[in-house]
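Reading through the structure tokens given below for one structure.
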Amino acid sequence: MLRRTFLRSSAATSMALGTNVAPPFSQTAPAQEIARDPVLEDAISRLSKKAFLTPQGDFYNVERGDPLPYKLPLEKRLEVGLERETWRLQIFADPEDEEKTGKPCRIRNPMTTAGGNAFTFDDLMALAQTKAVRYLKLVSCNNLSDPLGIGLWEGVPLRDVLWLAKPEANYRSVYYDGYHNEDPEQLFQCWLPANRVLEDPPGFLPVMLCYKINGEWLTGERGGPVRMVVPEAYGFKSVKWLQRVVVTNQYQAGDTYALQNNDVNDSWLKTRALFEAMPDKVNSGTPIAITGQAQVGIGGLAKVQWWAQRNDQPWLVDDEHYATAPWQDAKILPLPDHWHGAVNADGLHPIQFDAATGQPREWPMRYTRCHWVASTQGLEPGEYDLRCRAIDLAGNAQPLPRPYGKSGRSEIDTVTLTVEA
């Protein structure tokens, strides 16, 4: 699993929850400026050598399927459409609409295998000539702590393919699924409202049919030949091995998770901070670098903060989110100049970047990650809990605004530190 990478320093503030929030760029500092703190120089040097993007083979996997579809023999993968030359996508109206809504969805040009006009990979590449988009996206599981990886994803917006099917009336939502070993018990399905598919609200990126990551064709392990990517959502919405999109007049969520007590609707990615590698022990008076990563969710990121609490000084029981603790600001590093790192993404520009400057339009960038760093010294001997939290652009301090677990992990990260005499 990827283990925490992101940064900030130490300006003592006693900050109440949701107050004194800096504008989005005010906490970002050039690496050379932060490096003037000798305690941080080594930490920044180490972090600057890490690739910002995750090679597709290095993502932490959350997988479904028995057997895993991409591990089927090549002959079987070709037969069932898990290779580019045989991949087919079906798009059609929900046959259950009449019974369930009385007003069925109508599509003038359903694209199906039975009709001989299912959407092919060649069709997708032809559309990509004019419609292809690329964007950076962090993949995170709503039930796991650490992000799974970050990539530069390339594909065609789902809406541009959906319009080829010519939906005419009563299309309120879509649900979609991937290859599942022809076993109904293994089916994994997700749902989106039609409005989200057809139009991107301000600050949103398009839902895409993705065929490349980091300039490389998607491997089967990453969900290829084609997968869905929903940029603002947790990973389960980005269904792998995509083969079917069903347009429906039904209004309720059609996720497999709908009856499994999990988040099924928008599933927005949360903003949260995590520690990276931290020492277990340090001598009294020895300054240490504190490093970590921040997952930048739909709320954006204004600050990362940290706080060291002695274990023999219990916190107020009526302040469960530590809102009035003496938090200190960390420093967020800018996007590395060579953000593509060792992957094959040089010269590929995400749509989140300004074409004239070649720089992100905002930083930290939503749906991605950033590094933060801080330094601490002068801690008296004892046992400490170190905590970190993120504060979004609306002034919400983690774990708010959505502290419940089913919408994604948001608890304040904590590590222990022993300061020896």
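Could you identify which residue out of Asn261, Asn117, Asn283 has the top mean-square fluctuation in a GNM of the chain using Cα springs shorter than 10 Å?
Sorting by GNM fluctuation, first place goes to Asn261.
When you take every Cα atom in region 43-83, what is the radius of gyration, and what is Dmax, the widest Cα pair distance, in Å?
Computed over the Cα atoms of region 43-83, radius of gyration and Dmax are 16.9, 50 Å.
Quickly work out the Asp122-to-Lys76 label distance, labels modelled 7 Å from Cα along the C-beta direction, and quote it in nm with one decimal.
The answer from the label model is 2.8 nm.
Straight-line reach from Lys166: which lysines have Cα under 19 Å away, leaving out those fewer than 8 places along the same chain?
Cross-link targets: Lys103, Lys131.
Treating cross-link reach as a plain straight distance, find the lysines whose alpha-carbon is under 29 Å from the alpha-carbon of Lys406, omitting any fewer than eight places away in the same chain.
Partners within reach: Lys100, Lys137, Lys237, Lys240, Lys270, Lys303.
Rolling a 1.4 angstrom probe over the protein chains, ignoring ligands and nucleic acids, what is the accessible area of Glu79 in square angstrom, nearest 10?
For Glu79, solvent-accessible area is about 130 Å².
Once you've got the GNM for the chain with C-alpha springs shorter than 10 Å, pick whichever of Thr271, Thr54, Thr256 has the biggest mean-square fluctuation.
Residue with maximal mean-square fluctuation among Thr271, Thr54, Thr256: Thr256.
Simple spin-label model, 7 Å along Cα-to-Cβ: Asp319 to Asp385 in nm?
The modelled label-to-label distance comes out at 1.3 nm.
Using each residue's phi in region 377-391, evaluate 6.51 cos²θ - 1.76 cosθ + 1.60 at θ = phi - 60° and report the 3J(HN,Hα) Karplus result to the nearest Hz, with x for Gly and Pro.
Coupling constants for region 377-391: 7, x, 6, 6, x, x, 9, 10, 9, 9, 10, 9, 8, 10, 10 Hz.
Only helical DSSP H runs with n ≥ 4 go in: add -39500 (n - 2.57) per run for the chain, normalise by residue count and round the 222 nm mean residue ellipticity to 500 deg cm²/dmol.
Helices in the chain give a 222 nm mean residue ellipticity of -3000 deg cm²/dmol.
Give the whole-number value, in cubic angstrom per residue, of the convex hull volume spanned by the C-alpha atoms of region 279-421.
144
Would you mind computing Rg(Cα) / (2.2 N^0.38 Å) for region 103-262, counting N as its residues?
Dividing the Cα Rg of region 103-262 by 2.2 N^0.38 Å gives 1.01.
Hey, any idea what % of the chain's accessible area is carbon plus sulfur with a 1.4 Å probe?
Accessible surface attributable to carbon and sulfur in the chain totals 49 percent.
Compute the semi-axes of the equivalent ellipsoid of region 203-323, taking the square root of 5 times each eigenvalue of the Cα gyration tensor, and list them largest first in whole Å.
40, 21, 13
Compute the accessible area per residue over region 191-310, keeping the other protein chains in place, probe 1.4 Å, unit Å².
On a per-residue basis, region 191-310 sits at 30 Å².
Over all directions, the average projected area of the alpha-carbon convex hull for the chain comes to how many nm²?
Projected over every direction and averaged, the Cα hull of the chain covers 22.2 nm².
Taking the Cα atoms only, what angle lies between the long axis of helix 121-131 and the longest principal axis of the chain, rounded to 10 degrees?
60
If you put +1 on each Lys and Arg Cβ and -1 on each Asp and Glu Cβ, how big is the dipole of the chain around its Cα centre, in Debye rounded to 20?
700
Can you sort Asp319, Asp58 by 1.4 Å-probe accessible area, starting with the largest?
I get Asp58, Asp319, largest accessible area first.
By how many degrees, between 0 and 90 and to the nearest 10, does the Cα long axis of helix 38-48 differ from the longest principal axis of the chain?
With both axes taken from Cα atoms, the answer is about 10 degrees.
Compare Glu75, Glu362 by solvent-accessible area with a 1.4 Å probe and give them largest first, with all protein chains kept in place.
Result, largest first: Glu75, Glu362.
Report the full-extension gain for the segment Phe204 to Glu98: residue separation times 0.36 nm, less the Cα-Cα distance, to one decimal in nm.
In short, 34.9 nm is gained.
Quick check: net charge around Ile213, other residues with Cβ under 9 Å of its Cβ, Lys/Arg +1 and Asp/Glu -1?
Computed value for this residue: 0.
The values are calculated or read from the model by the stated rules, or taken from the named source; none is laboratory data. What you are looking at is a predicted structure, and each value in this text was computed from that prediction instead of being measured. When we count neighbours, we look across all protein chains shown, and the Cβ atoms used for this are built from the backbone with ideal geometry, even at glycine. Keep in mind that these areas ignore ligands, DNA and RNA; they rest on the heavy atoms of the full protein, side chains included. Shrake-Rupley method; radii C 1.70, N 1.55, O 1.52, S 1.80 Å.
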